[in-house]
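K.L.:
Here it is, the structure, as structure tokens.
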Amino acid sequence: MTGLVRIATAEGIARITIDNPPLNLLSAPVRQGLAAALDAAGRNPAVRVIVLAAAGPTWPAGADIHEFRKPAEGPALGEICAAIAQSRKPVIAALRGTVLGGGLELALAAALRLAEPGTELGLPEVTLGLLPGAGGTQRLPRLVGAKAALGLLLSGLPVAARRAAEIGLVDVVA
């Protein structure tokens, strides 16, 4: 794990915290830390549940655009999302602030999504001509249905947590 991702285990819960201020962007070191933390939690027989959280005021607000001009460094976000989705232990995403782009794709891979009031979720990369690349185009319609998914995928506009709960994007707002 890197210093940008921490894991703490207590009472059967592994809490993996992303701490990459100010926006918790999903840079290569963060992805590497997530991969290591997910692997450690998955192998730990004392862990029954994994909670993904973020330090500071926001969940990951997407990819680090500074990496777009550099050679790709693994693991890819799609690999992290696949590890979350295929985890034998339930993964809960504790959402807050802005849950955008790759951050939303990370949350979509979780078994359960809990959002604080005021959280906004969306895929704004489409306004730049970019498609979600970590499985979001498949997971989103499965979760919310085609009509709601198309609205999110084509507009790039975020939705508030309460609306996200109405359409099934978020399981609980608390």
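K.L.:
When segment 110-128 is examined, which residues are found to be under 22 Å from CYS81 (Cα atoms) and either of a type in the set (D, E, K, R) or modelled with pLDDT under 80 (or both)?
P.N.:
ARG113, GLU116, GLU120, GLU125
K.L.:
Now, a different point. Out of the residues in segment 7-26 that are over 20 Å from GLY101 (Cβ atoms) and in a loop (DSSP other than H, G, I, E, B), which is nearest to the chain's Cα centre (by Cα)?
P.N.:
Top of the filtered list is GLY12.
K.L.:
Continuing with the same structure: I need the full set of residues from segment 107-151 which are more than 25 Å from VAL51 (Cα to Cα) and of a type in the set (Val, Ile, Thr), in order please.
P.N.:
VAL126, THR127
K.L.:
Can you spot a residue in segment 143-157 that is in contact with a Leu (Cβ under 6 Å, 6 or more places away or on another chain) and of a type in the set (Val, Ile, Thr)?
P.N.:
Yes, segment 143-157 has at least one match.
K.L.:
Can you pull out the residues in segment 159-170 that are more than 13 Å from THR119 (Cα to Cα) and not in a helix (DSSP H, G or I)?
P.N.:
GLY168
The values are calculated or read from the model by the stated rules, or taken from the named source; none is laboratory data. Just so it is clear, the model here is predicted, and its values are computed rather than measured. Glycine also receives a Cβ, built like all others from the backbone with ideal geometry; neighbour counts cover every protein chain displayed.
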